[in-house]
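Asker: Take a look at this one; I'll ask things after.
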Amino acid sequence: MFSEVNGLFKKLDDEVSKLIVGKSSQLRLMSAAIMSGGHILLDDLPGVGKTTLVKSLSLALGCCFRRIQFTPDLLPSDVVGMNIFDRNTGSFKRIQGPIMTNLLLADELNRAIPRTQAALLEAMAERQVTLDGETNQLPAPFVVMATQNPVESESTFRLPAAQLDRFMICLSLGYLSSSEEADMLRRVGDDMPFDSIGAVTSPEEILTLQEQIRHVAITDEMTDYIVSLVSATRAHPMLKLGASPRASRELYRCSKALAAISGRDYITPDDVHELLLPVLEHRVVPSSEARISGRTPGKVLSEIRDRIPAPPERASLF
């Protein structure tokens, strides 16, 4: 059953690699998030390929794709739509916003004012939007893939904890090596040939695979291990804010998808370890002491992972 998920990931990797070089590990985690119905935040410097990666992935997935360029003057109605009065009919007509799509690229999300950022909260949590008291379901699947620049502070607004908690994973791409950058120039050339990427799946197939992933097996020992890792963040002296119960659920769900992408029908500790930082790091807040001593959230999470013993590999098997 899960060979289909593994096969699909290989096809996605082949298509996206036509434009994106050296980011297979990030693509693997993004695919796991999408297959488990989660949202993705790409937090990195300008020019490292965030937008190109998202657009390439959306083309390969064969889903309806829309992009919103977030700016300080963007209004909530520019995201979710609005009702306008039609003089010809004497009634109000709904103008749908770009959020009515399968894959939404929220480019430079932290440039929008908090009120506009908040327009995404209901959509990300409940897959619906409410406008003037009327609720409409979003297309399925629905995934927000947002980008933000972590170093530029001018004309930006910090994403609140409630917003960050809606993202299943947060990733950085990083710079390419010299050889990878040269390879990227040879592949891309003077233009960005997005038309070279073909769709390898469809919304209907993604929904089918998402349902299959629900049946990935997880033992009680693995469930307890996930809870132990997340709970430890709430009691750690170097963290002012620990991860929420939603984080436990996201780690649980995404680990299932990662196992399926690997062609397995059960979760191992390695699945949880690979996802620990992408799922938890953006959800925790370091204490003042941690900031002074240079203890980053990632370092604290790694210490928690090393301190709490994982279930033996055989406990993951049936």
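The values are calculated or read from the model by the stated rules, or taken from the named source; none is laboratory data. All of these numbers come straight from a predicted model, not from anything done at the bench. As a convention, Cβ positions derive from the backbone with ideal geometry for all residues, glycine included, and neighbour counts pool all protein chains shown.
Asker: For a quick check of your reading of the model, give me the residue pairs whose first member lies in the stretch 87-113 and is under 18 Å from residue 70 (Cβ atoms), whose second is assigned to a strand (DSSP E or B) and among the small types (Gly, Ala, Ser), with beta-carbon atoms closer than 8 Å and at least 6 apart or on different chains.
Answerer: 97/81; 99/81; 100/81; 105/146; 106/146; 107/146; 109/146
Asker: With respect to residue 252, is the statement that it is modelled with pLDDT under 95 and closer than 23 Å to residue 25 by Cβ true? Steps first, please.
Answerer: On the way: modelled with pLDDT under 95: no; closer than 23 Å to residue 25 by Cβ: yes.
Spelling it out, it is not the case that residue 252 is modelled with pLDDT under 95 and closer than 23 Å to residue 25 by Cβ.
Asker: Scan the stretch 196-235 for residues that are over 29 Å from residue 270 (Cβ atoms), assigned to a helix (DSSP H, G or I) and in contact with a helix residue (DSSP H, G or I) (Cβ under 9 Å, 6 or more places away or on another chain) and jot them down. I'd like the intermediate steps shown before the answer.
Answerer: To start, the set of residues in the stretch 196-235 that are over 29 Å from residue 270 (Cβ atoms) comprises 196-199, 202-204.
Checking the rest, the ones that are also assigned to a helix (DSSP H, G or I) come to 196, 203-204.
Hits for the stretch 196-235 are 196, 203.
Asker: Within the stretch 114-141, how many residues turn out to be in a helix (DSSP H, G or I) and either under 13 Å from residue 163 (Cβ atoms) or touching a residue at least 24 places away in the same chain (Cβ under 8 Å) (or both)? Spell out the reasoning first.
Answerer: We begin by selecting, within the stretch 114-141, every residue in a helix (DSSP H, G or I); these are 114-118, 121-126.
Filter once more, so that each one left must be either under 13 Å from residue 163 (Cβ atoms) or touching a residue at least 24 places away in the same chain (Cβ under 8 Å) (or both): 114-118, 121-125.
Residues in the stretch 114-141 being in a helix (DSSP H, G or I) and either under 13 Å from residue 163 (Cβ atoms) or touching a residue at least 24 places away in the same chain (Cβ under 8 Å) (or both): 10 in total.
Asker: Regarding residue 289, is this residue without any contact (Cβ under 8 Å) to a residue 24 or more places away in the chain, exposed (fewer than 15 other Cβ atoms within 10 Å of the Cβ), in a helix (DSSP H, G or I) and outside the structural domain of residue 124 (by TED's automatic domain parsing)? Working first, answer last.
Answerer: On the way: without any contact (Cβ under 8 Å) to a residue 24 or more places away in the chain: no; exposed (fewer than 15 other Cβ atoms within 10 Å of the Cβ): yes; in a helix (DSSP H, G or I): yes; outside the structural domain of residue 124 (by TED's automatic domain parsing): yes.
Answer is no for this residue.
Asker: A follow-up question, please. Of all residues in the stretch 165-191, which are touching a residue at least 40 places away in the same chain (Cβ under 8 Å), aliphatic (A, V, I, L, M) and more than 16 Å from residue 28 (Cα to Cα)?
Answerer: 176, 184, 188
A quick yes/no check of all residues on (1) out of contact with any strand residue (DSSP E or B) (no Cβ under 9 Å at 6 or more places or on another chain); (2) closer than 30 Å to residue 58 by Cβ:
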{"site": "229", "(1), (2)": "yes, no"}
{"site": "270", "(1), (2)": "yes, yes"}
{"site": "275", "(1), (2)": "no, yes"}
{"site": "297", "(1), (2)": "no, yes"}
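Asker: Now for a separate question. Give the residue that is nearest to the chain's Cα centre (by Cα), with candidates limited to residues of the stretch 1-30 that are surrounded by 14 or more Cβ atoms within 10 Å (Cβ to Cβ) and not in a helix (DSSP H, G or I).
Answerer: Per the criteria, the residue is 23.
Residue-by-condition table, conditions (1) buried (at least 17 other Cβ atoms within 10 Å of the Cβ); (2) touching a residue at least 12 places away in the same chain (Cβ under 8 Å); (3) of a type in the set (Lys, Arg):
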| position | (1), (2), (3) |
| --- | --- |
| 194 | no, yes, no |
| 216 | yes, yes, no |
| 222 | yes, yes, no |
| 240 | no, yes, yes |
| 243 | yes, yes, no |
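Asker: Does residue 247 satisfy the criteria of being at pLDDT 95 or above, in contact with a Lys or Arg (Cβ under 7 Å, 6 or more places away or on another chain) and not assigned by TED's automatic domain parsing to the domain that holds residue 32?
Answerer: Working: at pLDDT 95 or above: yes; in contact with a Lys or Arg (Cβ under 7 Å, 6 or more places away or on another chain): yes; not assigned by TED's automatic domain parsing to the domain that holds residue 32: yes.
For residue 247, the condition - at pLDDT 95 or above, in contact with a Lys or Arg (Cβ under 7 Å, 6 or more places away or on another chain) and not assigned by TED's automatic domain parsing to the domain that holds residue 32 - is met.
Asker: A further question follows. When you scan the stretch 55-75, do you find a residue that is in a strand (DSSP E or B) and crowded, with 21+ Cβ neighbours inside 10 Å, even just one?
Answerer: Going residue by residue through the stretch 55-75, those that are in a strand (DSSP E or B) are 65-69.
Add one more test, that the residue is crowded, with 21+ Cβ neighbours inside 10 Å, and what stays is 68.
Yes; the residues of the stretch 55-75 include at least one that is in a strand (DSSP E or B) and crowded, with 21+ Cβ neighbours inside 10 Å.
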